[in-house]
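Report on one structure; see the data block that follows.
The values are calculated or read from the model by the stated rules, or taken from the named source; none is laboratory data. Keep in mind it's a predicted model, so treat the numbers as computed, not measured. Neighbour counts run over all protein chains shown; Cβ positions are idealised from the backbone, glycine included. Note: areas computed on protein heavy atoms with side chains; ligands, DNA, RNA excluded. Shrake-Rupley method; radii C 1.70, N 1.55, O 1.52, S 1.80 Å.
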Amino acid sequence: MNMDQNIVSKSHSGDAVVKLAGVVKTYGQMNAIDNVDLEIRPRELFTLLGPSGSGKSTILRAIAGLVSIDGGQILIEGDDVGDVPTYKRNIGMVFQSLALFPHMSVFDNIAFPLRMRRAGRKEITRRVAEALDMVQLPNIGTRKAHELSGGQQQRVAIARALVYNPSLLLLDEPFGALDKRLREEMQLEIVRLHREIDVTIINVTHDQVEAMILSDRIGVMSDGKLVQVAQGEDLYRRPVNRFVADFLGRSNCIDGTIRKDAAGTQVITPGGAVFTVDAGFAHMEGKATSAIVRAEDITLCAARPDDAALTGIAGKVDLRLFEGEAVYYEVKVAGLDSAVRVASKSGEFAPGAEVWLSWAVDRVWVVGGETHA
Ligand code: ADP
């Protein structure tokens, strides 16, 4: 078999590279994947983000053909891959457990998938050198895998996944075990690689910052369901429910009811505080809602500023923590169960201080109360 026959040509059309339609995977009574529809676009870097156990890896493994599905369809470049074994799906994979062969040389590790595909010697030499260049590790082919640093091993694992030129690269938390600095370095490495080579990447992580940094789009998962798919900034600014808002950074979910009157569209909290929201939320009038305000969008003031673009509520400082870049406050508000969290640039208020929590009206996002659970 000629190596190049095994390389599926890459899709440059607008069609989805990977399409999941109504995919279900059950383990006993539980749906690890619960009726998921998803389309991954050509050359996209897509991240599945969610807490542990939400079904991210199971989706990745289903795409790779490592787990069978119990319902729905998976298409890769237009073809239903239900009966296609993993090795014929033309997919590169990197997992947290890298599965490098420790006593083999770097060259032999990377050459392994090419040899499995019966590539010729010259081609192997050329492709391994190219793959090592790609991950910025030239001239280490003769080293043994176990002699390399953690970061170098990650790069070798990526080189091995890319060496046969797959159209799809799957990353299952490959950097999860690395320390923070190395993890950040590898994240930037993935961004660089994705810019330089023609490959679609699906990444899995529970780290919202990683998802934001890397991804063209993010799919947020909860209990086997895909809750929201959007660009990072949209998810952050316009989450569909409290779960997504909570998962992406420090947010405050302030429960209340929407009211519309001459003063505008407002939220009334159970404690009787009133603040203004965008008129676009007027259609939720009378409904139980959660207003989502990001910790970094709140300013602590000694008194209410006189500015129609600003709104807010009164509270009392409960906790003040110096974090270096910001000062973190927790502020108690009458009638609210949880304290309001604030990430402030200045830190002049001490616990016990009466303060006004001020934020711009256009920085509040309101979601329906049916998602309160
Ligand atoms: P995540 O990647 O988001 O951490 P997983 O996809 O690994 O989540 O798991 C989703 C759910 O499916 C979890 O509840 C997990 O316990 C369950 N699960 C995954 N693999 C198996 C398996 N082989 N047997 C039984 N349950 C499994």
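Taking the numbered list (1) touching a His at 6+ places or on another chain (Cβ under 9 Å); (2) aliphatic (A, V, I, L, M); (3) open to solvent by 10 Å² or more (accessible area, probe 1.4 Å) in turn, residue 191 passes all entries but (1). Within region 155-181, restricting attention to residues that are among the charged types (D, E, K, R) and part of a helix (DSSP H, G or I), the residue that is surrounded by the most Cβ atoms within 10 Å (Cβ to Cβ) is 160.
Considering only residues that are in contact with a Lys or Arg (Cβ under 9 Å, 6 or more places away or on another chain) and at pLDDT 90 or above, look in region 80-92 and name the one that is farthest from residue 183 (Cα to Cα). Applying the filter and picking the extreme gives 81.
Just a yes or no: is a residue in region 154-171 within 16 Å of the ligand (Cβ to nearest atom) and on the phi < 0 side of the Ramachandran plot? Within region 154-171, one or more residues are within 16 Å of the ligand (Cβ to nearest atom) and on the phi < 0 side of the Ramachandran plot. Scanning region 57-73 for residues that are under 22 Å from residue 212 (Cβ atoms) and either open to solvent by less than 10 Å² (accessible area, probe 1.4 Å) or more than 10 Å from the ligand (Cβ to nearest atom) (or both) returns 59, 60.
The set of residues in region 95-129 being in a helix (DSSP H, G or I) and open to solvent by 90 Å² or more (accessible area, probe 1.4 Å) consists of 115, 116, 121, 122, 126.
Residue 203 fails exactly one of the following numbered conditions: (1) within 16 Å of the ligand (Cβ to nearest atom); (2) open to solvent by 30 Å² or more (accessible area, probe 1.4 Å). What is the number of that condition? Only one criterion in (1) within 16 Å of the ligand (Cβ to nearest atom); (2) open to solvent by 30 Å² or more (accessible area, probe 1.4 Å) is unmet by residue 203, namely (2). The set of residues in region 210-223 that are open to solvent by 20 Å² or more (accessible area, probe 1.4 Å), outside any loop (DSSP other than H, G, I, E, B) and within 16 Å of the ligand (Cβ to nearest atom) contains only 222. The single condition among (1) within 29 Å of residue 41 (Cα to Cα); (2) surrounded by 22 or more Cβ atoms within 10 Å (Cβ to Cβ); (3) not acidic (Asp, Glu) that residue 132 does not meet is (2). Filtering region 31-53 to residues that are open to solvent by 10 Å² or more (accessible area, probe 1.4 Å), assigned to a loop (DSSP other than H, G, I, E, B) and either in contact with a helix residue (DSSP H, G or I) (Cβ under 6 Å, 6 or more places away or on another chain) or within 14 Å of the ligand (Cβ to nearest atom) (or both) leaves 51, 52, 53. Kindly indicate whether residue 321 is in contact with a Gly (Cβ under 6 Å, 6 or more places away or on another chain) and either at pLDDT 95 or above or open to solvent by 60 Å² or more (accessible area, probe 1.4 Å) (or both). Judged against the criteria, residue 321 is not a match.
Residue 283 falls short on exactly one of the conditions (1) of a type outside the set (D, E, K, R); (2) out of contact with any strand residue (DSSP E or B) (no Cβ under 7 Å at 6 or more places or on another chain); (3) part of a strand (DSSP E or B), and that condition is (3). Do you know which of the residues in region 135-154 that are in a helix (DSSP H, G or I) and not charged (D, E, K, R) is surrounded by the fewest Cβ atoms within 10 Å (Cβ to Cβ)? Of everything passing the filter in region 135-154, 146 is surrounded by the fewest Cβ atoms within 10 Å (Cβ to Cβ).
Selection within region 1-30: residues that are modelled with pLDDT of 95 or more and surrounded by 14 or more Cβ atoms within 10 Å (Cβ to Cβ). The member of this set that is farthest from residue 63 (Cα to Cα) is 26. Exactly one residue out of 132, 182, 137 is under 27 Å from residue 49 (Cβ atoms) and within 29 Å of the chain's Cα centre (by Cα): that is 182.
The residue that is least open to solvent (accessible area, probe 1.4 Å), among those in region 74-94 that are β-branched (Val, Ile, Thr) and assigned to a loop (DSSP other than H, G, I, E, B), is 81. Selection of region 329-338 for residues being surrounded by fewer than 18 Cβ atoms within 10 Å (Cβ to Cβ) and at pLDDT below 95 yields 334, 335, 337, 338.
Table: residues versus (1) modelled with pLDDT under 95; (2) surrounded by fewer than 19 Cβ atoms within 10 Å (Cβ to Cβ); (3) within 16 Å of the ligand (Cβ to nearest atom).
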| position | (1), (2), (3) |
| --- | --- |
| 208 | yes, no, yes |
| 225 | no, yes, yes |
| 242 | yes, no, no |
| 271 | yes, yes, no |
| 287 | yes, yes, no |
| 290 | yes, no, no |
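Of the residues making up region 277-287, those that are farther than 18 Å from residue 333 by Cβ and touching a residue at least 24 places away in the same chain (Cβ under 8 Å) number 7.
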